[in-house]
Amino acid sequence: MYILEIMRNKFRFALNFIHNYNRAKESTLLHRFCRCNFSNILGIETSCDDTAAAVIGPSGKLLGHCLSSQTKFSVMLGGVIPPVAAELHKENIQSVVDTAVAKSNIGFQDLNFIAVTVKPGMSLSLKIGVSFAKSLANRLKIPIIPIDHMEAHALTALFTDSQLEFPYMILLLSGGHGLLGIVQGLEDYILLGTALDASPGDVLDKLSRRLKLNRLADKSLKNVTGGKAIEIIAKMYGGNHHRFNLPLPRSQCRDCDFSFTGIHVAAEQLINKLESTNSGSSECTLSIKDIADICASVQFGMTRLICRRTQRALEYCMLDNESKLSIIRNRPTALVVSGGVGSNAVIRAGLIKVAEFYNLKFVAPPPDLCTDNGIMIAWNGFLLQREKSSRIITENISSVDFSPRY
């Protein structure tokens with residue numbers, strides 16, 4: 001019995017030694033790579049239909065970036081087709097990364113980290129970027145930083161506005177997501193509301209295809225996203241946003257979630273009705289005035305819905321501490337808007353008024369940083385390595401995986 005106890009103690013000692021050794025080794029590796037003033041971070045983004053890469057250098061400076069857009073294919077095919085998007089990622093990723101590194105005036109041997117989008121997104125697209133990043137990290141023997149795509153969008157404003165302070169409210173509006181939350185710090189987020197059904201960008205894309213906008217304006221819109229086409233047509237032809245009154249979904253609901261399907265369904269019914277009225281045939285082509293007015297009305301309806309839900313979230317955050325979640329520590333200092341739909345001029349104008357009403361700073365990155373890009377991925381990686389985040393994978397690179405969900 002005594003001998004058995006000695007053997008158990010030796011076994012426990014061995015396990016503790018191995019555990020402590022591995023932790024020390026990992027800490028040493030992390031310290032070796034987290035040289036904040038000397039680190040070069042390569043960011044890789046392939047969550048949807050854009051292949052992008054960028055290099056952030058010392059002190060968070062952008063050294064170089066490259067993006068290969070699939071927009072013209074997506075518009076031509078009537079939307080993003082996952083297998084097609086993945087195949088184009090596979091064709092483009094090497095040249096995109098090579099170009100980003102070359103523009104940075106450094107070599108691959110000068111990279112210290114690889115940050116790569118691992119979620120959320122389309123599985124087939126994510127797989128291409130993650131597999132490429134793991135292969136490159138193993139070859140260069142450098143760590144990988146797994147990046148949450150939505151988190152990267154939320155932190156982009158810190159890259160473009162050095163005066164921005166935590167906490168701030170973030171509104172993400174894109175082709176795949178609608179999200180409202182509080183950014184209290186790096187890796188400290190509170191989700192207040194999401195799109196319960198369709199994303200705002202998806203609704204705009206479908207209505208654009210229904211109206212066949214890519215055939216208008218001398219076909220200059222054939223390579224433009226649906227949301228952008230709606231904005232252009234409404235402005236170009238002086239669309240009247242008061243002509244058609246679209247619903248305000250969830251206006252009586254006491255939460256901060258979005259629902260864009262109601263606007264989509266109402267707009268589809270409106271189009272069908274106008275087509276039937278014009279000629280008694282559902283195949284009738286609408287007049288350009290009808291189309292412009294529909295575009296303006298949809299844009300206005302979206303803006304009203306988004307502003308109302310954002311206003312509700314701000315009202316909640318402005319409550320005294322006893323009346324809200326204890327995890328919301330302070331009132332937001334700013335309203336930050338990102339995502340492709342967030343680049344819409346009409347929606348931005350409405351949100352600026354909301355921010356002004358609450359005496360908040362309004363921050364919106366430039367349009368090329370609102371849509372998917374490699375810069376935001378590299379920037380997020382830079383922030384995480386600066387704080388020596390536990391998310392950094394220094395060993396067992398093959399364990400890095402991807403997920404289509406948050």
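Read the figures in this text as sums done on the coordinates, not as results from a lab. Computed from a prediction, not measured in an experiment: that's the story for all the values here. We place every Cβ from the backbone using ideal geometry, glycine too, and count neighbours over all the protein chains shown.
A few remarks follow.
- Working note: Karplus 6.51/-1.76/1.60 with θ = phi - 60° gives the range 194-204 the couplings 9, 6, 7, 10, 8, 7, x, x, 5, 4, 5 Hz, where Gly and Pro are set to x.
- Given 15 as the ceiling on other Cβ atoms within 10 Å, longest exposed-site-free region of the chain for GluC sites (Glu not before Pro) in DSSP loops: 1-164
- Total lysine pairs in the range 221-360 at Cα distances under 21 Å, for residues eight or more apart or on different chains: 6.
- Centre separation in Å (Cα based) which lies between the range 221-261 and the range 182-206: 17
- Here V84, V341 are placed in order of increasing Cβ neighbour count within 10 Å, fewest first, which gives V84, V341.
- Think of each Lys and Arg Cβ as +1 and each Asp and Glu Cβ as -1; about the Cα centre, that makes the dipole of the chain roughly 380 debye.
- Remark: the Q311-L196 segment gains 39.6 nm on full extension, using 0.36 nm per residue and subtracting the alpha carbon distance.
- The mean sequence distance of close C-alpha pairs (under 8 Å, at least 6 residues apart), as a share of the length of the range 167-332, puts its relative contact order at 23 percent.
- Largest GNM mean-square fluctuation across P143, P120, P366, computed for the chain with C-alpha springs under 10 Å, falls on P366.
- Modelled FRET efficiency - R0 45 Å, E387 with R254, Cβ distances, 0.05 increments: 0.80
- Gain upon complete extension [F362, K72; 0.36 nm per residue less C-alpha separation]: 101.2 nm
- Label-to-label distance, S398 versus N105, with points set 7 angstrom from Cα along the beta-carbon direction: 4.0 nm.
- Each residue, K212 and D188, gets one label point 7 Å from its Cα in the Cβ direction; the gap between the two is 5.5 nm.
- Most mobile listed residue (I182, I328, I41) in the chain, GNM with C-alpha springs under 10 Å: I328
- Here the chain carries DSSP beta bridges of which approximately 60% are antiparallel, counting only pairs with both residues inside.
- Correct choice for Rg/Rh (Cα atoms, Kirkwood Rh) that was computed from the model, options (1) 0.95; (2) 1.06; (3) 0.98: (2)
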